[in-house]
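Read through the structure below, which is laid out as structure tokens, and then see the notes.
The values are calculated or read from the model by the stated rules, or taken from the named source; none is laboratory data. The model shown is predicted, which means the values in this text are computed figures rather than measured ones. Cβ placement follows ideal geometry from the backbone for every residue including glycine, while neighbour counts extend to all protein chains displayed. When the accessible area is computed, the model is the full protein with side chains, heavy atoms only, and any ligands, DNA or RNA have been set aside. Shrake-Rupley method; radii C 1.70, N 1.55, O 1.52, S 1.80 Å.
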Amino acid sequence: MTASILAVEIRDELYAIIREPTAAFFSIAMPVGMFAVFATLFGTEGNGPVSGATLMLATFGAFGVISVALTPGIGIAEDRERGWLQVKRVSPVPVRTTLAAKVAASLPVAFGVYAAMSLTAFAMGLFDTDMGTWLQIAGLLLLGSLPFALLSMAVGFVARGRAAPAIINAVFLPMAIAGGLWMPLEVLPAFVQDLAVWLPTYHTSQLGLGLLVGESIVDNVAALLAATAVTASLAAIGYRWMRAE
């Protein structure tokens, strides 16, 4: 995989994202809009010197970053249905380069979602963290989205183009709610709170929250590594299934 070929593939994937306004809306505008609404309602509540809006950069930030990380699987399913991945098998560009480019192209978009939420908090006067911590949270959220990118690829390898978004959202949205990305776990039923600690969505948001309130994130990192191992295995199985078609 040469850097120049990968760069061209990433550029093409970014163009494809820009040309698809519907996907851009659900992946970018919706998470930022939801953050703005909840920050307006609860942004002044918080944990000590950290405002609620800043804490939401970890929870809604995780939701926004993961939403974008799940898009490569949709693109893979659509490319399979059009026969484009079959063409790639006989082209000079390896299929693995195309797949890597889909994930890499989602990273700047995911960062853009997080940045837009941060600008919203700043405009409201509720941005209570330094730039170093802000960048660390961004990096952790992007790394924490890896198991979700792999999960989306696993779906994309086996599902049809129209079915892939429905399957991915059917898995992700309940995990987002139960993982505390939309509302504090304290307001959810006890059984949901017990379930949350088993969900990668919860541990992704805890990466940022841990930095903001000074709590350890070692257990959260370990949980996400385990989730990555599981979704990587699923992606490998799905890839072999696709190759056998």
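Surface calculation, 1.4 Å probe, protein heavy atoms: W241 sits at approximately 120 Å² accessible. Only Lys, Arg, Asp and Glu carry charge here, each on its Cβ (+1 for the first two, -1 for the last two); on that basis the chain has a dipole of about 1060 debye about its Cα centre.
Can you tell me how much longer the chain between E45 and A29 gets when fully stretched, taken as 0.36 nm per residue apart minus their C-alpha distance, in nm with one decimal?
3.4 nm
Solvent-accessible surface of segment 159-245, taken per residue with a 1.4 Å probe and all protein chains present: 56 Å². Positive end of the dipole of the chain (Cβ unit charges, origin at the Cα centre): among T71, G214, A16, the Cα lying farthest that way belongs to A16. Using the Karplus relation 6.51 cos²θ - 1.76 cosθ + 1.60 with θ = phi - 60°, the per-residue 3J(HN,Hα) values for segment 204-209 come to 5, 5, 5, 4, x, 4 Hz, with x marking Gly and Pro.
Within the accessible surface of the chain, defined with a 1.4 Å probe on protein heavy atoms only, the carbon and sulfur portion equals 69 percent. Could you work out the relative contact order of the chain, using alpha carbon pairs under 8 angstrom and six or more residues apart, expressed as a whole percent? For the chain, the relative contact order is 26 percent.
Take every Cα pair under 8 Å whose residues are at least 6 apart in sequence, average their separation, divide by the length of segment 72-183, and the relative contact order is 51 percent. Placing unit charges on the Cβ atoms only, positive for Lys and Arg and negative for Asp and Glu, gives segment 59-204 a dipole magnitude near 840 debye about its Cα centre.
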